[in-house]
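Before any comments, here is the structure.
What follows is calculated from the coordinates using simple rules that are stated; it is not laboratory data. Since the structure is predicted, the reported quantities are computational estimates derived from the model, not experimental observations. Positions of Cβ are backbone-derived with ideal geometry, glycine not excepted, and every protein chain shown enters the neighbour counts.
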Amino acid sequence: MGSCCNNDHHFDGASPEYKRALWWVIAINGLMFLIEMGASFQASSQALQADALDFLGDTATYTLSLLVIGRPLRIRNRAALFKAASLMIMGVAVFGMTLYRVIFMQTPEAVTMGSIGALAFTANVISVLILLRFRNGDANVRSVWLCSRNDAIGNIAVMIAALGVWQSNTAWPDLIVASIMAGLFSWSAIQIFRQVSQSNDHACE
């Protein structure tokens, strides 16, 4: 793992340590999707639902990352582009669902939001720590790190939203955080698109 630890952006994840780390993170994300999606319906929380969908998307894209490890750069970049497109679609979908909730507003259950948000944050911190040493690499590897990092940030936002809902007794904090998360998904997608573009430019030189 010397190349990864030395901030080499050409590291493609082809190491047993990275593959084991991915399997652990995939398992964590899959379990948290099931837990958080159920809780989002119980709490009527758009922010929790957005976070649950993020766990589902991460489970799928991390599995894709695992499948393309060691493959040619062209295939790895295509996988990264697929993940970036998924993030962008997720951002648009979450924003659309949030607008729907603005029209048909329902105050979420703050206690459930806060407790599940804290559980999700713990799960994502564990994932971030597992992936910390692999945070540098090609677009495919880096996209995994960005997703995990963003998830932890999103969980903090969900807990803040829960506190806001509890204090205001309105759905606005939940909807605002869901909108911010939608923007974060889209920005991460743009970052991945840019890195893939730079990788392709270097490959042509």
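A few remarks follow.
- Computed from point charges on the beta carbon alone (+1 for Lys and Arg, -1 for Asp and Glu), the dipole magnitude for segment 14-204 about its Cα centre is near 760 Debye.
- Karplus-derived 3J(HN,Hα) values for segment 122-129, using 6.51 cos²θ - 1.76 cosθ + 1.60 with θ = phi - 60°, are 4, 4, 6, 5, 4, 5, 4, 5 Hz; glycine and proline are entered as x.
- Relative packing of 26-36, 79-89, which averages over residues the other C-beta atoms within 10 Å, highest first: 79-89, 26-36
- Size-normalised alpha-carbon gyration radius of segment 14-204, reference 2.2 N^0.38 Å: 1.04
- Residues in segment 18-31 carry Karplus couplings, in order, of 5, 5, 5, 4, 5, 4, 4, 5, 4, 4, 4, 5, x, 5 Hz; the curve used is 6.51 cos²θ - 1.76 cosθ + 1.60 with θ = phi - 60°, and Gly or Pro positions show x.
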